1. Explain nothing, just compute: Karplus ³J(HN,Hα) = 6.51 cos²θ - 1.76 cosθ + 1.60, θ = phi - 60°, for every residue of region 115-130 in order, whole Hz, x for Gly and Pro.
2. With a cap of 11 neighbouring Cβ atoms within 10 Å, and only residues DSSP puts in a loop, list the GluC sites (Glu not before Pro) found in region 89-160.
3. Taking only protein heavy atoms into account and a 1.4 Å probe, give the accessible area per residue of region 71-144 in Å².
4. Can you tell me the order of 77-84, 114-121, 15-22 when each peptide is scored by its average per-residue count of other Cβ atoms within 10 angstrom, highest first?
5. Along Cα→Cβ, 7 Å out, is where each label goes; now give me the distance between the ones at residue 99 and residue 15 in nm to one decimal.
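The values are calculated or read from the model by the stated rules, or taken from the named source; none is laboratory data. Quick caveat, the model's predicted, so the values are computed rather than measured. Here the Cβ positions follow ideal geometry from the backbone for every residue, glycine too, while neighbour counts run over all protein chains shown. For accessibility, only protein heavy atoms count, side chains too; no ligands or nucleic acids. Shrake-Rupley method; radii C 1.70, N 1.55, O 1.52, S 1.80 Å.
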Amino acid sequence: MEDRSHKVLLALVILFLFAVIVLQYVCPGTECQLLRLRALSPAAADPYRAEDETPARFVPRFNFSADDLLRRVDFKIKGDDLIVFLHIQKTGGTTFGRHLVRNIQLEQPCECRAGQKKCTCHRPGKRETWLFSRFSTGWSCGLHADWTELTNCVPSVVDSKKEVRLRPSSLYSQFSNGSADNWLISTSTYCQ
């Protein structure tokens with residue numbers, strides 16, 4: 001009798017191990033649809049889940065409100081405002097910088113010639129640029145200039161290209177906070 005109970009116990013242990021191995025094969029990740037206790041109840045839509053129900057590879061650390069993301073900036077391209085693009089390495093800045101000069105729909109878009117890295121981004125009816133970035137002015141303030149370098153350098157570069165009285169009164173900067181999806185806009189007045 002004891003021999004038979006050992007065989008039954010051994011069969012149950014082997015069956016349990018087989019079930020664990022099959023489960024790991026079917027659900028290799030940490031989240032398995034088969035083991036969800038809420039599977040019978042309708043779950044709320046997860047905003048970080050792809051359409052094919054696979055978990056997102058990137059979950060953002062910053063949750064911006066709709067007001068933050070839909071904020072409007074009063075940028076006057078015909079005036080003397082200047083957008084300064086702060087390029088932070090490994091954040092998608094190169095892709096976004098190219099997008100600024102190639103794909104933005106303005107009344108006078110940037111002119112990009114084949115084979116040239118820099119594009120001409122003039123204001124409508126003027127020979128002044130509205131964009132200060134590596135793709136429009138080159139690395140005028142040095143390679144991967146940081147915020148401090150740009151705030152010290154941009155006014156002098158702008159002054160060298162036009163008279164002091166025509167210098168922009170607002171500096172709009174575009175910078176990344178660590179991911180290509182989260183772009184913030186900061187404004188500061190640097191001269192009047």
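1. x, 10, 7, 8, 10, 9, 10, 8, 6, x, x, 10, 9, 9, 8, 9
2. Details: sites: 107, 111, 128, 149; in loops: 107, 128.
Loop-located and lightly packed - 107.
3. On the way: 4650 Å² over 74 residues.
It amounts to 63 Å² per residue over region 71-144.
4. Details: 77-84: 18.4, 114-121: 13.0, 15-22: 10.0.
The packing order, highest mean first, is 77-84, 114-121, 15-22.
5. If labels sit at residue 99 and residue 15, their model points lie 5.6 nm apart.
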